[in-house]
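Down below is the structure, laid out as C-alpha cells.
The values are calculated or read from the model by the stated rules, or taken from the named source; none is laboratory data. None of the values given here were measured: they were computed from a predicted structure. All Cβ positions, even for glycine, are placed from backbone atoms using ideal geometry, and neighbour counts span all protein chains on display. SASA here: full protein model, heavy atoms, side chains in, ligands and nucleic acids out. Shrake-Rupley method; radii C 1.70, N 1.55, O 1.52, S 1.80 Å.
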Amino acid sequence: MPGSNCSKDIQKNINWSTSADLSTSSPVNSLTEVQPLMLQDMTQVGMKEKEPEVPGRLTALQKARARLLKGVSYFGGDMEVFGKWMEKQFILLQLLDWVLRGAAQVMFVNNPLSGLIIFAGLILQNYWWALNGFVGTLFATISALILKQNRGAIAAGLYGYNGILVGLLMAVFSNAGDWYWWLLLPNIFMSMMCPVVSSAIASINSRWDLPVFTLPFNILVCLHMVATGHYNHHFPQVLIQPRSELPNITWSEIDLPKLFMSVPVGIGQVYGCDNPWTGGIFIVSLFISSPITCAHAVLGSAVGMVSGLALSAPFGDIYFGLWGYNCVLACIAIGGMFYALTWQVHLLAITCAFFCAYLGSAIANIMSSFGLPACTWPFCLSALTFLHLTTGTNRIFKLPLAKVAYPEKNLIWFWKMKKEEKIKKSEAERDEQEKQQKAMEEELILNEKEQLRLDLERAEEGNVQHNASEGKNEVTPVEEQRTHEDNEEVRQNDQT
Amino acid sequence: MPGSNCSKDIQKNINWSTSADLSTSSPVNSLTEVQPLMLQDMTQVGMKEKEPEVPGRLTALQKARARLLKGVSYFGGDMEVFGKWMEKQFILLQLLDWVLRGAAQVMFVNNPLSGLIIFAGLILQNYWWALNGFVGTLFATISALILKQNRGAIAAGLYGYNGILVGLLMAVFSNAGDWYWWLLLPNIFMSMMCPVVSSAIASINSRWDLPVFTLPFNILVCLHMVATGHYNHHFPQVLIQPRSELPNITWSEIDLPKLFMSVPVGIGQVYGCDNPWTGGIFIVSLFISSPITCAHAVLGSAVGMVSGLALSAPFGDIYFGLWGYNCVLACIAIGGMFYALTWQVHLLAITCAFFCAYLGSAIANIMSSFGLPACTWPFCLSALTFLHLTTGTNRIFKLPLAKVAYPEKNLIWFWKMKKEEKIKKSEAERDEQEKQQKAMEEELILNEKEQLRLDLERAEEGNVQHNASEGKNEVTPVEEQRTHEDNEEVRQNDQT
Amino acid sequence: MPGSNCSKDIQKNINWSTSADLSTSSPVNSLTEVQPLMLQDMTQVGMKEKEPEVPGRLTALQKARARLLKGVSYFGGDMEVFGKWMEKQFILLQLLDWVLRGAAQVMFVNNPLSGLIIFAGLILQNYWWALNGFVGTLFATISALILKQNRGAIAAGLYGYNGILVGLLMAVFSNAGDWYWWLLLPNIFMSMMCPVVSSAIASINSRWDLPVFTLPFNILVCLHMVATGHYNHHFPQVLIQPRSELPNITWSEIDLPKLFMSVPVGIGQVYGCDNPWTGGIFIVSLFISSPITCAHAVLGSAVGMVSGLALSAPFGDIYFGLWGYNCVLACIAIGGMFYALTWQVHLLAITCAFFCAYLGSAIANIMSSFGLPACTWPFCLSALTFLHLTTGTNRIFKLPLAKVAYPEKNLIWFWKMKKEEKIKKSEAERDEQEKQQKAMEEELILNEKEQLRLDLERAEEGNVQHNASEGKNEVTPVEEQRTHEDNEEVRQNDQT
C-alpha cells in the first residue's frame, strides 16, 4: 500500500526528531532539522524537471526516473494516495490531516506535509501564535462538520485555511500580549463563524464560478478588530493610525540585504510572520507540493518589493514584508492556479501582482483610518478582478472551479482538453473529407454504371470496348498524412 | 361576515378611546389604556398553546377552543380576513391599513393592530417622532403606488416599513430640535425614494431569493445624515464621534435593574425609542401577531446585552439598548421567519444574534468615523449572511420567499410540505412494491400456465392430477401495515 | 461615397484652422472658432425639429429638408457612415477615431467630432491635463486591443472613456504641479488597467443587463490617489480634508451671475474643468450629436445647483460646479439614454438628478475622510439604482443594453417596437376574428349542406324550393375598419 509507506516516512521523521538531542526542548529545532531532508527531495524534483530525455537506450535511468516520479507523487502535489489512505483511518487522525491541509491551503496548497512544515515555521516564529492558528483551524473544521458542509471540501482543508488566518492574526494584532488565554474565546467563536461566512460568500461567488479566497478571514478579523478596537478592556488591539506627515525616505540609506530579505519575509507575512527563516520554511513547503506555485510566490514577493520602492513607501514597511504578501497570493492565484499557465497568463500574473501592490497601499491607507490592517483584502479584490476578466484569446483560459487542483495538474488537464479538442476537430475534418470522398466515389460509381450502360447500349448497336474508371485509391494516403500533421501540431503545442 | 366583526372591534376600541375622559388630550393615553385588553387576548393565546389535548370526550372545551382559535385568527397572525374585507373599502381607509401594516413590518409583522399599538408606543415616546414616522410611512406607500409596484406587497406594508424608519430616524438624529417643520421636506423626499431603492435592491437580492430587509432605510438615512452632517445650516445632525480613549468601566458600578430594563429598551430601539414602556408596548404588539416572533425578539435583545458585557462596552450604551435592537431583528428573521423553526434553526438564530452583536459593535465604530449611527446595517448584513448559508442538513430549511408569512404559518406550511414529501415517498415505495408484486404474480401465472401445459401434456400421455398454485393473497396485509407505519412516522414528526 | 465627404469636411476644418491667423499659436482658438459653424448646424437641426409638416405641396422644401437630414446624419448622432468608412482606413487613423469617440463617450456620445471639440475644450482649460487625457484614452484603447476585447465596443470608444477620465483626473489631483512627466508612468499603468476593470465589472453588471458607467475610472483614480496620498515623495495628491466647522453662508452675499455660470461649469466638471467656456464648448459638442442629451445635461446641472442651495452647501462649491457634474451624467443616463424617453422617464431623470445631488454630497463627505474627491461615484450609484428599478408601467421602458445608441435613435427604436407590438396584437386579434368567422362560415356551410340534404330529402318526398343562406360578405368591411383604427392609434401614440 503506497499510502502507508508515506505515513511511515512521516512517522520516521517524527520519531527521529523526538529521539534527537533537543537542547531547547522545543519542537522548532526538530522541524527545522527536518528541513534539509526536504530540500534534498526538492533538488531531486528540480533535477527531474531539467533532466534531458534520452529515449529508448538508458532504461536503467528511465526506471529510476519512474521510481522517483512515483516517490514524488507520494508527498508532492496534493498527496492523493495519502488522502485516500486517510479515508479509512480513525476520525481524529483524519481531522489532523484536514487541519494540516487547511494550514497549507492559505497558499492554495492541498498537502498535509506542507501544512506540517508551515506549522513548524509558525512555531519558529512564535509559540502562542502557532497555538492560536492551530485552534483556529481545528474549530473552523469542526464547525464545518457540524454545519454539514461538503465533506470533500472539508477534507481538502478548504474550511480550515480561513480558520488558521483568523486564529493567527487575532493573536498577532492583539495588544494584550502573548499567552492572554481569554483571547481563545473570540478566536474559537470567530473560527466557528468561518464556515458560515465561507458558505455565504460561496453562494454569491459561485454565480461567477469564483472561489471565496480569504474573504471570510478578512471579514471576520476586521470584524473582531474594529468591534473591540484599541481602547477596549477585554480585547485591545494594536494601535494603527493613518499617516499624517511626509515619511523620511533617504535613498542613500537603503539597506540592500534587508531589501533582499524582504522577499522571504513577504512570503512569511501571508501568515503574519516577519521572521525571514519562517518565510524560507514556507518557500520549502510550497516547493514540495508545487514548484510553479513556489516560483510565482517568490516572483510576487519581489514584484511587491519593487512596487513599494516605486510608490515611495517607507523602507521599514518594505523590509517588514507588508508590500509582498498580497502580491504573493495574487501571483500564485493567477499564475497557474485558476488560469491554465501559458506565458500570457504568466504576464497577467505579474500585472496582477503590480495591481495588487497598488491596491494594497490604497487599502492599507483606508483601513488605517479605522485602526485596521489591510489583511488580505488587496489580494482578494485584485485576484477576483483579474478572474472576472473575459478576453477573446484562448491563451488565457480560466479553469472551471471544479477542475482546479495545483498548477502542474491544471496544466496537464488543460493540455489533455486541448488535445481532445484538436482530435475532435481533426476527426470532424476527416469525417467531412470522408463524406466528400464517399460522395465522389458514389459519383464515380454512378458515372461508371452510366458508362457501362452506354457501352452496353453501344455494344448492342455494334462492337465497342469500354475502359474502367480510375481514381479510387488516392484517398487513404491523404488521410494518413493529415492525421500525421495533426499529431505533430499537438506535440509542438505541448512544447510551448 | 367575519371581517366586519373584526373591524367593528377596532371601531369599538376607537369609539371607546375617544369617548373616554382624556385628561391630557393626547391619543397616547387612550391607546395605552387599550393595552390591557390586548394583554388579555394574549394570555388566552398563550393558554391555548399550553392547553393539553384531551381527544373525544370534552366536546364543550373543544368547541370553546375552536371558537377561541377563530377569534384569535381575526386579529392574530396577519389578519387575513380583515385584509380581504379591507380590499372592498374606500381607498383612504385601505391606505391607513397599509400604513399600519407598514409600521409593524419593521418587526416582520403583517398586522394592522400591531401597527396601531406600535404607533401608540411611538406617541408615548415623542409626538414629533411619531408624526415623522407616520409621514414617512404614508409617503413611502404613496410613492410605491405612483411607481406601480406590486399591489400585494404594498397591501402587506412591504413598502411602508422603510418609510417609517426613515421618517423616525431622521427626526431622532436631527440636531435642529423637535417641531422643526422644514425637516418634513427631506423626510418626504427620502420616504418617496424608499420604493425606488427597495425595487433596486430587490432586483439584486431576488437572484438569491432573499428579502431587502431594511437596507433601503439604512442607505437613505445614512445618505441624508452624511450629506448634511453636523455642520450644516439647514439640516444639522447630532454629533457622533469615534471613541478615542479607554472608557471608564467599573464592574462594581453595574446597575442590575437598568441592565434588565435594557431588554425592552433594546426592542424599543428598533424604532429609535429609549423608553422602556415603549419597548414593552412593542413586545405586546409582537405577541398579538406571533408569539414565536415575540419570544425571539426578547431572546435577541438579551443576547445583545450579554454580548455588550462580553466585549466590555460602556454600560451606558448597553442600558440605552444600542446592543440589542440589531440582535432583536436578526433573531426574529432567522428564528422562524425565513427559516422553518426547528431546534437547530433556533440555535442558529441565537448564533446569528451573537454574530450580529459583534458586527453591530464593529459597524458602529466604523460609521462613527463619518458621524453616522450604525442604523440596522448589522442586522441586515448578519441576517443576509446567515440566509446565504447552505448546509447538507434538511433540518435547516430556508423557506421560498413567496411562502414567508409569520413563524407559525411558516411552520404549518413546512410540516405540510414534509408530510406531502413523506406521502409521495411512501407512495413511490408502494408503487415500487406493487410493481414487484405484479411482476411476481405475472411470473406465477406464467408458471401456472406452463404447469397446466405440462400437466396437459402429461395428461395426454396418461392420467395425471394437477394442483392449482398458491401465494397470491399475501400481498395486501403487508401493504396495509406499511402504510400504517408511514402515517405513524408522519405523526411523530409533527410532535417534534 | 458619403463617408469621404464627411472626412473632407473635417479636413477642411483642420486646414482652415491651421491656415487661419493664430495669435497664440495654440490649437484652442482655431477650434473655438470652428464653434460658430457647429452652432449654425445646430440651429438648423433645431429648426428641423420644430419645422411643421406640410405634406404633398412643398416638394422643394421637402427636398431641402431631406438633404439637410442627410447632411446632419453625416456628423450628428453616432456618425455611422463615417465609422463605416473608417473601417477601411489605416489602423493609426482608426485608433485616432476610437480615441476621439472615447473622449466623447464620457457623456455617452459616440461621435468623433464631439470628441474633437471636447479635446479643444480641454486644451482651452489646460495643456498638461489635455495631454494626460489623450495619453489615458490612447493607452486604455491599446490595452483593450492587447486583451482582445470586443472590437465593436473598442471602435465605439467604450474602452477609452475611462482612460481619458483616469488620465485627466490624475493630472488634476496631482500635487506635483503641471508638466511633472513622471506622472505619465502611473497614468499609463492605470489607463491600461481600465479594460481589465471594465471587463470585470461588465461580467458582474451584465447579469442585470447594466452598463459599467465610469466605475472603472472611479475605482482606479481612487486607487491611485489613496495609494499615494498627500504625503508622498513621488506622486503627492492635493490635500482634501473633511469639513470640521460650520461653513460661513450669508445668503445676501450670493453672486447670481456666478450661480448662473455654475450650469456650464458643472458640465465642464465632468472632465474636471472649471472654465465656463470649456463647459460651453462641451455643451456644443453634446448638441451636435444629440439635442436630447444636451438638454438633459443642462437640466441636470441646474438641478445640482438647486440641490446645493437646498442643502446649504458653501457657495464656493456650487460656483465651482461640484454639485453639477454628477447630476449632468445621471440626468443624461436616465433621460433617454438607457430608458426610452417618455414624459414619465423625463420626470424620473429629474428625480434621479436630485437623488444624485444628495448622494454626491454624502459621498464627497465620506471620501474626504480618506483625502479623496467624490469622482463620479454618485452618478454611478444613483444611475445604477434607478436602472435597477422595476415598475408595472410600460411608460418606463428600459432598453436592452445591446440596443442603446443615443436618445433620438433609442426613441425611434422604441416607437418601432411599440408599433410592431401593436400590429402583432391587431394581427392576433384579426386572426382571432378570422378564425371565429371561419368557424361561423363553416357552421353556415354545414347548415347549408344540412339544409340541402333536408331539402333533397323533402324534394324526394315532394316538390320543395330551398333558399340559399346569407351573411357571408360582412367580414371584410369590419376588418378594414379595425385596421384603420389601429393605425390611427399608432399615429396618436407617436405624437405624444
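Here are a few things to note about the model shown:
- Some residue of the stretch A:256-265 being touching a Phe, Trp or Tyr at 6+ places or on another chain (Cβ under 8 Å), at pLDDT 90 or above, surrounded by 16 or more Cβ atoms within 10 Å (Cβ to Cβ) and not in a helix (DSSP H, G or I): no
- Considering residues of the stretch B:206-221 that are open to solvent by less than 10 Å² (accessible area, probe 1.4 Å) and within 12 Å of chain C (Cβ to nearest Cβ) only, the residue farthest from residue C:313 (Cα to Cα): B:216
- Residues within the stretch B:401-422 that are within 20 Å of residue B:106 (Cα to Cα) and either open to solvent by 50 Å² or more (accessible area, probe 1.4 Å) or in a loop (DSSP other than H, G, I, E, B) (or both), tallied: 7
- The residue list B:360, B:336, B:371 contains one member that is in contact with a helix residue (DSSP H, G or I) (Cβ under 6 Å, 6 or more places away or on another chain), more than 9 Å from chain A (Cβ to nearest Cβ) and of a type in the set (Gly, Ala, Ser), which is B:336.
- One residue alone among A:44, A:35, A:62, A:89 is surrounded by fewer than 17 Cβ atoms within 10 Å (Cβ to Cβ) and modelled with pLDDT under 85, and that residue is A:44.
- Residue B:171 falls short on exactly one of the conditions (1) open to solvent by less than 10 Å² (accessible area, probe 1.4 Å); (2) at pLDDT below 95, and that condition is (2).
- First in the stretch C:74-100 and on the phi > 0 side of the Ramachandran plot, second anywhere and modelled with pLDDT of 90 or more and open to solvent by 20 Å² or more (accessible area, probe 1.4 Å), Cβ under 8 Å, 6 or more apart: C:77/C:405; C:77/C:406; C:77/C:408; C:77/C:409; C:79/C:110
- Looking only at residues in the stretch C:302-317 that are more than 14 Å from chain B (Cβ to nearest Cβ) and modelled with pLDDT of 95 or more, the one that is farthest from residue B:225 (Cα to Cα) is C:302.
- Applying the criterion of being within 14 Å of chain A (Cβ to nearest Cβ) and of a type in the set (Phe, Trp, Tyr) to the residues of the stretch C:136-166, the residue that is least open to solvent (accessible area, probe 1.4 Å) is C:159.
- Evaluation of residue B:393 against the conditions (1) outside any helix (DSSP H, G or I); (2) modelled with pLDDT of 95 or more shows that the sole unmet condition is (2).
- Those helices (runs of 4 or more DSSP H) of the stretch C:277-389 in which 2 or more residues are over 15 Å from the mean Cα position of the chain (by Cα) and surrounded by 20 or more Cβ atoms within 10 Å (Cβ to Cβ) occupy C:291-310, C:315-319, C:343-368, C:377-388.
- Where helices (runs of 4 or more DSSP H) fall entirely within the stretch B:139-248, those with at least 3 residues that are among the β-branched types (Val, Ile, Thr) are at B:161-172, B:184-205, B:215-228.
Every residue, every condition in (1) more than 16 Å from residue B:313 (Cα to Cα); (2) in contact with a Leu (Cβ under 7 Å, 6 or more places away or on another chain), yes or no:
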position	(1), (2)
B:359	no, yes
B:372	yes, no
B:376	yes, yes
B:385	yes, no
B:389	yes, no
B:395	yes, no
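- Just one of the listed residues (B:376, B:393) is in contact (Cβ under 8 Å) with a residue 40 or more places away in the chain and away from chain A (no Cβ under 14 Å), and it is B:376.
- Tally, over the stretch A:65-82, of residues that are open to solvent by 20 Å² or more (accessible area, probe 1.4 Å) and either closer than 24 Å to residue A:136 by Cβ or not small (Gly, Ala, Ser) (or both): 11
For (1) within 30 Å of residue C:400 (Cα to Cα); (2) surrounded by 24 or more Cβ atoms within 10 Å (Cβ to Cβ); (3) without any contact (Cβ under 8 Å) to a residue 24 or more places away in the chain; (4) facing chain A (nearest Cβ under 9 Å), each residue gets a yes or a no:
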| position | (1), (2), (3), (4) |
| --- | --- |
| C:179 | no, no, no, no |
| C:182 | no, no, no, no |
| C:187 | no, yes, no, no |
| C:196 | yes, yes, no, yes |
| C:226 | no, no, no, yes |
